[in-house]
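Worksheet: the structure to be examined is printed underneath.
Read-outs: derived from the displayed coordinates by stated rules, not from any lab. Note that the coordinates shown come from a computational prediction; the quantities given were computed from them, not determined experimentally. Positions of Cβ are generated from backbone atoms using ideal geometry, with glycine treated the same way; all protein chains shown enter the neighbour counts.
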Amino acid sequence: MSLTRFIKDLLRKPESIPTPGAIFYNATVAKVLRKPETKIANDIVAKMGKGTILDLGSGPGHLSIEIARRSPGLQVYGIDLSRQMGKIARRHAKGVDNVRFVFGNAAKLPFKDNSIDLVISTGASHHWKAPRLVFDECYRVLKTGKEAWIYDGCPEVFHNPADRRKLNEEYGFFVGRLGPRVSTLHGFTREEYQTVIKDVLEQTAFKDNYQMALTDIWMKITLKKRK
Ligand SMILES: C[S@@+](CC[C@H](N)C(=O)[O-])C[C@H]1O[C@@H](n2cnc3c(N)ncnc32)[C@H](O)[C@@H]1O
């Protein structure tokens, strides 16, 4: 087993980030991700003015809060298995009324069937112990014709030197220089997306309705609940 694989497996072990990890993540990685997540928030509010959004593994909550702050017509829910992350997110959300953070597992969502207009997730799917159940839950809670946008790391984003330079200029040293290593450990390789994740998706109701694309610093999986 390679050292990278060993560290990757070790990091994936706790599905929920333990308290010290949550505090560390909030003070470091979450800050670095704010710019790219603001871009996602902008894309979402440009597309949706009202409705309900659910953020799986919302962590310190920045993405959910950015969306809610920009678009008061939206109701945003963040769900996370770490109580400490929920606490941090609620602290960050002070004064923003249309966002709520709940404790729970993305594999068993406390939301009604056909109740959500958009499911989102950033940097969390590599933690999921039961991805098939999470995708099934996305399908159940989404309204017909609506989508889930699942973003996570993929080192191939950084392979082209021109793209890497652009990301370095846009997001600075931590993304440009450390991004390849961080996304190797916190995400999947393109090959893993095209084999392991694809195999899981093929077993779900999203079977013929998903796409994967490298976008900005992420691999984005778009799942659509067919009409
Ligand atoms: C790396 S953090 C990403 C947080 C945030 N989305 C961001 O972009 O900064 C992953 C989060 O997913 C949460 N998580 C992992 N598996 C989960 C699951 N099955 N259900 C809910 N939350 C989960 C972890 O507790 C952690 O807070």
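Summary of computed values
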| read-out | value |
| --- | --- |
| Cα convex hull of the range 3-224, projected area averaged across orientations, nm² | 11.4 nm² |
| Dipole magnitude of the range 3-224, debye to nearest 20 (Cβ charges: Lys/Arg +1, Asp/Glu -1, about Cα centre) | 600 debye |
| Within-10-Å neighbourhood charge of Tyr193 [Cβ basis; K, R +1; D, E -1] | -2 |
| Reachable aspartates and glutamates from Lys227, criterion Cα separation under 15 angstrom, eight or more residues apart if same chain | Asp113, Asp117, Glu147, Asp208 |
| 28 Å Cα-Cα reach of Lys87 towards lysines, excluding residues that sit fewer than 8 places from it in its own chain | Lys8, Lys13, Lys31, Lys35, Lys39, Lys50, Lys108, Lys112, Lys129, Lys220 |
| Relative contact order (%) - criterion: Cα under 8 Å, at least six apart; region: the chain | 19 percent |
